[in-house]
């Protein structure tokens with residue numbers, strides 16, 4: 001597989017490397033779907049469920065914070081078309097949505113085969129859309145998805161209340177997902193309800209490496225970033241591990257979730273789980289994980305949502321004033 005397909009899309013717009021990394025998880029999930037359809041031979045004559053003429057995938061724009069929608073669409077269409085071609089599916093269709101309400105009818109009708117969205121959106125819309133969680137990337141769950149509040153060791157910041165009037169960077173993955181929620185709960189625990197007013201100005205969004213280096217070079221007083229991203233930065237620059245310190249940490253808060261229609265049959269679901277679990281063993285799967293530096297796709301487990309659901313319950317208790325506030 002070549003890194004540069006030579007395709008530049010409309011008006012010469014070329015997908016960025018940042019976009020490619022954000023898209024990989026969804027692309028691997030699509031490949032799992034395609035592999036399953038090809039493996040089970042639904043296109044054979046006489047079968048009740050023929051191979052679909054269009055492979056239709058949908059993804060939330062919130063999965064790609066601060067990524068140009070044109071980049072997202074171009075990259076998704078390139079991959080979806082290639083995958084559908086190899087599977088013998090004549091066409092591929094990609095839908096980008098801002099609100100799950102936009103795809104409600106299509107999902108419930110079975111016209112969309114796979115939908116990927118942030119975990120908070122999944123919790124809010126899973127019953128309305130009638131979808132079930134199917135896959136997550138291995139590095140979007142577990143310890144790597146613990147969120148951290150990071151400061152310089154010599155900053156004099158020892159607790160959350162010390163952030164009053166200070167600057168904060170939220171990594172892109174944190175801003176639109178669970179990391180932002182977790183930070184707001186940290187402030188609620190300290191009796192602080194208005195994040196922007198307490199900090200002096202709204203948190204700034206930046207790439208994970210920029211957020212970490214911003215704290216290191218004193219551009220920001222603190223940053224919210226997940227553990228996996230911080231460890232990657234420290235591996236590249238070990239000095240970061242000496243000069244930065246973790247002030248607070250969260251439980252594991254799952255990342256983006258790929259879902260299937262709830263009406264999917266048991267046999268099809270079992271076959272899809274098998275295909276997804278072995279995808280990293282295929283040539284294309286290995287090329288993709290190597291190129292984009294992310295882990296394999298794994299089956300979703302209900303326990304992955306435990307940390308996020310607990311955090312939401314705590315937030316609601318704190319807002320109602322029925323929880324102990326940390327001095």
Counting other beta carbons within 10 Å of each Cβ, put 98, 162 in order, fewest first.
98, 162
Relative contact order of region 144-253, please, whole-number percent, based on alpha carbon pairs below 8 angstrom and at least 6 residues apart.
49 percent
Along the Cα→Cβ direction, 7 angstrom out, place labels at residue 101 and residue 53. What is the inter-label distance in nm?
3.2 nm
Report the Cα centroid-to-centroid distance between region 126-143 and region 91-115 in angstrom, as an integer.
16 Å
Fully extended, how many nm does the chain gain between residue 93 and residue 301 (0.36 nm per residue separation, minus their Cα-Cα distance)?
72.1 nm
Please find the FRET efficiency linking residue 209 to residue 111, where r is the Cβ-Cβ separation and R0 is fixed at 45 Å, and quote it to the nearest 0.05.
0.70
Roughly how many nanometres apart are two label points built 7 Å out from the Cα toward the Cβ at residue 161 and residue 245?
1.8 nm
Per 0.36 nm of contour for each residue apart, how much would the distance between residue 262 and residue 193 grow if the chain were fully extended, relative to their Cα-Cα spacing?
21.1 nm
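Coordinate-derived values only; no laboratory data. Remember, predicted model here, so these are calculated numbers, not experimental data. All Cβ positions, glycine included, derive from the backbone under ideal geometry; neighbour counts span all protein chains shown.
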